[in-house]
Amino acid sequence: KLLTVEEAQLIVTYLREASGAPRPPHPPTPVPATGMELGKQVFTTLCATCHAIEGISKAQVGPDLTHMGTVAGTRRPGVTAEAYIRQSIREPGAFVVAGFANIMPPGFGQSLTRDQLEALVAFLLAQK
């Protein structure tokens, strides 16, 4: 584990400030959640600074994930959408979308609990 959740959040804060994105009014309050709620919460807390999903975030540092559940299955021949998303979280440099730099923290996936990882994968798969 290269980064703690707190260290990852510091990087997110830095990227937000460097990109000129507005700072949220206050840090999100952790709320116990399960399933899709937890996936959305993980995305909103840790991913929305860099990635857009229509109606949730307008960030432009990383690829737009609005249709990730559909697009992920087309990115690598022979790799399912679920496998692509999971590996992209666990090993951010494994698949770098053309036009974007490989700037996602390498230890990001290891900073998530198993439940957070699975919920985030399910949430992104549901983005059609």
For region 51-90, the count of residues that are in contact with a helix residue (DSSP H, G or I) (Cβ under 7 Å, 6 or more places away or on another chain) and either closer than 21 Å to residue 111 by Cα or among the acidic types (Asp, Glu) (or both) equals 8
Condition first: open to solvent by 50 Å² or more (accessible area, probe 1.4 Å) and of a type in the set (Val, Ile, Thr). Now tell me which residues in region 52-70 satisfy that.
56, 70
The number of residues in region 85-95 that are surrounded by 15 or more Cβ atoms within 10 Å (Cβ to Cβ) and part of a loop (DSSP other than H, G, I, E, B) is 2
Among 73, 35, which is the only one that is at positive phi, of a type outside the set (A, V, I, L, M, F, W, C) and open to solvent by 30 Å² or more (accessible area, probe 1.4 Å)?
35
What is the residue count in region 1-33 for residues that are modelled with pLDDT under 65 and of a type in the set (Val, Ile, Thr)?
2
Could you tell me how many of the residues in region 50-85 are within 17 Å of residue 100 (Cα to Cα) and within 12 Å of the chain's Cα centre (by Cα)?
13
Could you say whether any residue in region 34-50 is out of contact with any strand residue (DSSP E or B) (no Cβ under 7 Å at 6 or more places or on another chain), part of a loop (DSSP other than H, G, I, E, B) and without any contact (Cβ under 8 Å) to a residue 12 or more places away in the chain?
no
Does residue 65 fit the bill of being at negative phi, at pLDDT 90 or above and in a loop (DSSP other than H, G, I, E, B)?
yes
Name the residues in region 107-118 that are surrounded by 13 or more Cβ atoms within 10 Å (Cβ to Cβ) and either assigned to a loop (DSSP other than H, G, I, E, B) or of a type in the set (A, V, I, L, M, F, W, C) (or both), would you?
107, 108, 112, 117
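The values are calculated or read from the model by the stated rules, or taken from the named source; none is laboratory data. Bear in mind that the values here come from a model prediction, so they are computed numbers and not experimental data. When we count neighbours, we look across all protein chains shown, and the Cβ atoms used for this are built from the backbone with ideal geometry, even at glycine. Heavy atoms of the whole protein, side chains included, go into the accessibility calculation; ligands, DNA and RNA do not. Shrake-Rupley method; radii C 1.70, N 1.55, O 1.52, S 1.80 Å.
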